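Asks: Below is the structure I would like to discuss, written out as C-alpha cells.
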C-alpha cells in the first residue's frame, strides 16, 4: 500500500508498532481514496513524537484530546490523527472499537492487514456488527453511529445491536449534543438514508432525538397524500437530488408543524394544515438549537421550511408577472435552487387520489420554468449597483426598522431591476413621493 503522507511519517515510526485504522481502511475496501488517516501507535511519548513530525515537515500540531492523548498533525491540506494503542495491545485495541468493520488495521511497518475480528468478512457480508455490546455502552454515541454507517454503506445492522438500542435509546441524552449534531449531519449525507431512518424509528432512537415525531406519526394519509405524514417526509428526503445534508434534514422536517395545524373540513372531509409552513419555521428553531446546530444551519433549515410552498404557489398563479419572479428570487436569493428542489421532492411525495398525474407533470414543469427564471434573473440582480441602504431610507422617511422598511427596500430593488430607478436621485425622488 502506498500513501504519500504515510510514507512521509514512516521514518519517525519505523521502530514502533503502528497501524492505520478506521475510515481509511473502509474506503480502501470500497476502492476509494481517503483523506481520513487515523493511526493508533505504541509509543512512550506520543505528544512529543507528533510535535517532532509537525516541526520537521512544515506541518502543524493540534491537540485534539489531551486526556485520551489524541493528536493531529496537519500537512498543508492533509492530516493524520494519532492515538495511543489501547493498553499497548493490538488485540485489545481491535476488540474495543465500535464495529468490526472499523477494527480492520494496516500494520504500516510490516505492510500487512491485521483483521482480528473478521471485519473484512463482515464488510463483504454487508453487516454492521460489534465484538461485544459493551463497546456500545463505552460510548452511547455509538448507537447513533450504527445508523450513520448504515446510511453511508447500506449495510444491515446486527439484530443484537438493534435490541441493545431499543433498551438503551434514551441514554443518547447522556452524550454531548455537539457530538449528536455531528453524527446527524454525517447520517443525512448517506445514500441509504431511508433505510437508516426506518431503523432509527423501529429502535426508538428517532423519537428520542426528534420528539416531534411522536405526533407526526399520528397524521394519516389523505386525498392529497398517498402516504401518512411520517412516510411522506421520508419519501421527500428520498426525492432530494442535491447532495446536501442540511437540505435533506429540512425535507425531513418541512411538515413539522402539521400536527398542531391539522383540521378536517366537515363538509368535504378535506385535511387542512393552514399556516404549517410559518409555524414550522419557528418550531424547528428550538429543536435544532437543543441539538447544537449553528445559527447558519438553523437559519437555512428554518428558511426552507417557511418557504417550501412558495415555489409551487407562485407558479400556480394564472397572472404571473416578471415582478413576481424578481420578488421571489430576491427573497430566496442563492438558496433558490435548494428551495425549488425541496418543492419538487415534496410534489413527488404527495400523490393522493385527488392528485392526477397531469397535475404532477404540470407542477414539475412549472418548477423547472421557475428555475430557469432564477438563472436569468439572479445574475442581473447581483450586478445592480447599490443606490441606497436602509439607514438612508429610514432617515428620509423618518422610519424605524420594521416590516415596512423591508418592503420598501424590495420595491426599490424591483423598480431598479425594471429600469424605472437608475440613479441615487431617482431613488430619493421616489422616497420623497412615498413620504407625500
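Asks: Once the Cα atoms of the stretch 334-436 are picked out, what are the Rg and Dmax in Å?
Replies: According to the Cα coordinates of the stretch 334-436, Rg and Dmax are 19.2, 56 Å.
Asks: On to the next question. Does anyone have the angle between helix 229-238 and the longest principal axis of the chain? Alpha-carbon axes, 0 to 90°, nearest 10?
Replies: That helix lies at roughly 70 degrees to the long axis.
Asks: For 417, 99, what's the fewest-to-most ordering of other Cβ within 10 Å of each Cβ? Kindly include the intermediate steps, with their values, before the conclusion.
Replies: Values: 417 20, 99 25.
Sorted ascending by nearby Cβ count, the order is 417, 99.
Asks: Can you list, bin by bin at 5 Å, the percent of alpha carbon pairs in the stretch 199-354, starting at 0?
Replies: Percent of Cα pairs in each bin: 2, 9, 17, 22, 21, 15, 9, 4, 1, 0, 0.
Asks: For the Cα atoms of the chain, what angle does the longest principal axis make with the long axis of helix 424-434, in degrees from 0 to 90, nearest 10?
Replies: Roughly 60 degrees between the two axes.
Asks: What number, rounded to the nearest 500 deg cm²/dmol, is the helix-based mean residue ellipticity at 222 nm of the chain, given -39500 (n - 2.57) per DSSP H run of at least four residues and division by all its residues? Intermediate values should be presented prior to the final figure.
Replies: Values: 24 runs with 239 residues, N = 436.
Rounded to the nearest 500, the figure is -16000 deg cm²/dmol.
Asks: From the square roots a ≥ b ≥ c of the eigenvalues of the alpha-carbon gyration tensor of the stretch 241-314, which class results: rounded (a/c under 1.5), prolate (a/b over b/c), or oblate? Provide the component values of the computation, followed by the final result.
Replies: Values: a/c = 2.65, a/b = 1.76, b/c = 1.50.
The shape class here is prolate.
Asks: For the stretch 273-416, what does the relative contact order come out to in percent, with C-alpha contacts under 8 Å and a separation of six or more?
Replies: On the way: 87 pairs, mean separation 32.9, N = 144.
In percent, rounded to a whole number, it is 23.
Asks: A further question on this structure: If I take every Cα pair under 8 Å that is 6 or more residues apart in the chain, average their sequence separation and divide by the length, what percent do I get for the relative contact order?
Replies: Values: 615 pairs, mean separation 39.2, N = 436.
Once divided by the residue count of the chain, the mean separation gives 9 percent.
Asks: Can you tell me, using C-alpha contacts under 8 Å and at least 6 residues apart, the relative contact order of the stretch 4-125 as a whole percent?
Replies: Details: 208 pairs, mean separation 30.7, N = 122.
Result for the stretch 4-125 is 25 percent.
Asks: Right, next: Under a 10 Å cutoff between Cα atoms, tell me which one of 255, 89, 267 has the largest fluctuation in the Gaussian network model of the chain.
Replies: In the Gaussian network model the winner is 267.
Asks: When a footprinting reagent is the concern and you count Cβ atoms within 10 Å, what order do 139, 76 take, fewest first? The partial results should precede the final answer.
Replies: Numbers: 139 13, 76 10.
Fewest to most other Cβ atoms nearby, the residues stand as 76, 139.
Asks: P(r) for the chain: what percent of alpha-carbon pairs falls in each 20 Å bin, starting at zero?
Replies: All Cα pairs, binned at 20 Å, distribute as 21, 42, 29, 8, 0 percent.
Asks: Connecting C-alpha atoms closer than 10 Å in a GNM of the chain, tell me which of 270, 26, 142 has the biggest fluctuation.
Replies: Between 270, 26, 142, it is 270 that shows the largest mean-square fluctuation.
Asks: Taking all pairs of different Cα atoms in the stretch 152-256, averaging 1/r and flipping that mean, what Kirkwood radius in angstroms comes out? Write down the numbers at each step before the final one.
Replies: On the way: mean 1/r = 0.0686 Å⁻¹.
That comes to 14.6 Å for the stretch 152-256.
Asks: Rounded, prolate or oblate: pick one for the stretch 129-209, where a ≥ b ≥ c are the square roots of the eigenvalues of its C-alpha gyration tensor, a/c under 1.5 means rounded, and failing that, prolate if a/b is larger than b/c, else oblate.
Replies: Values: a/c = 1.44, a/b = 1.11, b/c = 1.29.
Because its axes are fairly even, with a/c under 1.5, the stretch 129-209 counts as rounded.
Asks: With springs only between Cα atoms under 10 Å, which of 103, 356, 221 fluctuates most in a Gaussian network model of the chain?
Replies: 356
Asks: I've got another one for you. What ratio of Cα Rg to 2.2 N^0.38 Å holds for the stretch 4-125? Numbers along the way, then the final one.
Replies: On the way: Rg = 13.9 Å, N = 122, 2.2 N^0.38 = 13.7 Å.
In units of the globular-protein estimate, the stretch 4-125 measures up at 1.02.
Asks: Relative to the longest principal axis of the chain, what angle (0 to 90°, nearest 10) does the C-alpha long axis of helix 193-203 take?
Replies: Roughly 70 degrees, rounded to the nearest 10.
Bear in mind that the values in this text are calculations on the coordinates, not laboratory data. Being a predicted model, the structure only gives us computed values, none of them experimental. Cβ atoms come from the backbone with ideal geometry, glycine included; neighbour counts cover every protein chain shown.
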